Amino acid sequence: MIDSGLFHIYKGNEQRRYVQGLAHVLKPGGRLFLFSFNDDPSWPGGGVSKQALYDAFADGWEIESLELTGARSTLHTRQSFRGNSQT
């Protein structure tokens, strides 16, 4: 799955709900490639810090790489739940 500029528009609890939703649509072992603006305050609407990405994907996800490239953060993660989580 590819997220190109969606995750960073959400804040706080909305990010948590978005990640939970991803767990429902990705099969175990499925991959997510997420492209987001970093948290540079000069970007309109802000962005997401590396720590916020680690925090959002802490439960049930294996972060394979997290890179800052220019103005964007690039996250490559694998969904590691055995089955879809129920909330």
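Of everything listed in (1) out of contact with any Ser or Thr (no Cβ under 6 Å at 6 or more places or on another chain); (2) surrounded by 15 or more Cβ atoms within 10 Å (Cβ to Cβ); (3) at pLDDT 85 or above, the single unmet condition for G46 is (3). Just one residue in the set L26, L32, L6 is farther than 16 Å from E67 by Cα, surrounded by 14 or more Cβ atoms within 10 Å (Cβ to Cβ) and of a type outside the set (F, W, Y); that residue is L26. Scanning region 9-21 for residues that are touching a helix residue (DSSP H, G or I) at 6+ places or on another chain (Cβ under 9 Å) and surrounded by 15 or more Cβ atoms within 10 Å (Cβ to Cβ), we see that the one that is farthest from T77 (Cα to Cα) is Y10.
The values are calculated or read from the model by the stated rules, or taken from the named source; none is laboratory data. Keep in mind that this is a model prediction, so the values were computed, not measured. All Cβ positions, even for glycine, are placed from backbone atoms using ideal geometry, and neighbour counts span all protein chains on display.
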